[in-house]
Amino acid sequence: MACSQTDNFSWDPVTQGRIIGAYSYGNVFSQVMGGFLEAKFGGKKVLGLSILLSSVLTLLTPAAAFAGEWWLFVVRVVVGFVQPVERCSSSPLLPYRATLVPSAVKKP
């Protein structure tokens, strides 16, 4: 028997807005940090660690939701804090991608 989301969570619109906006709270504060970490430790390490952390935290999202709205809020803020680091650390790696992936279009 399938159950809808309204059976499990009875959050008011303010709480729903907080949870949806939680990602953005973390996102705003980590842009500069991503560039700093990439310059200090290298793009590959920072990219790998940020992908690992965001994956683990995303897997923990349902458990956090069942634990309570504030746990879900914290997990979403941390995911928002980690994921922009991926964008900052992957930019320097783009020239290496061009050497690994052959071009599909032949130049005359």
Checklist (1) open to solvent by 50 Å² or more (accessible area, probe 1.4 Å); (2) more than 30 Å from residue 8 (Cβ to Cβ); (3) of a type in the set (A, V, I, L, M, F, W, C) applied to residue 59, failing item: (2)
Subset of region 21-56 (residues that are touching a Lys or Arg at 6+ places or on another chain (Cβ under 8 Å), modelled with pLDDT of 80 or more and small (Gly, Ala, Ser)): 22, 26
Leading residue by the ranking (most open to solvent (accessible area, probe 1.4 Å)) among those in region 36-56 that are in contact with an Asp or Glu (Cβ under 9 Å, 6 or more places away or on another chain) and within 30 Å of residue 9 (Cα to Cα): 51
One residue from 81, 66 being under 10 Å from the mean Cα position of the chain (by Cα), closer than 30 Å to residue 19 by Cβ, modelled with pLDDT of 60 or more and among the hydrophobic types (A, V, I, L, M, F, W, C): 81
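The values are calculated or read from the model by the stated rules, or taken from the named source; none is laboratory data. Source: prediction; values computed, not measured. Positions of Cβ are generated from backbone atoms using ideal geometry, with glycine treated the same way; all protein chains shown enter the neighbour counts. The area values use the complete protein model at the heavy-atom level, side chains included, leaving out ligands, DNA and RNA. Shrake-Rupley method; radii C 1.70, N 1.55, O 1.52, S 1.80 Å.
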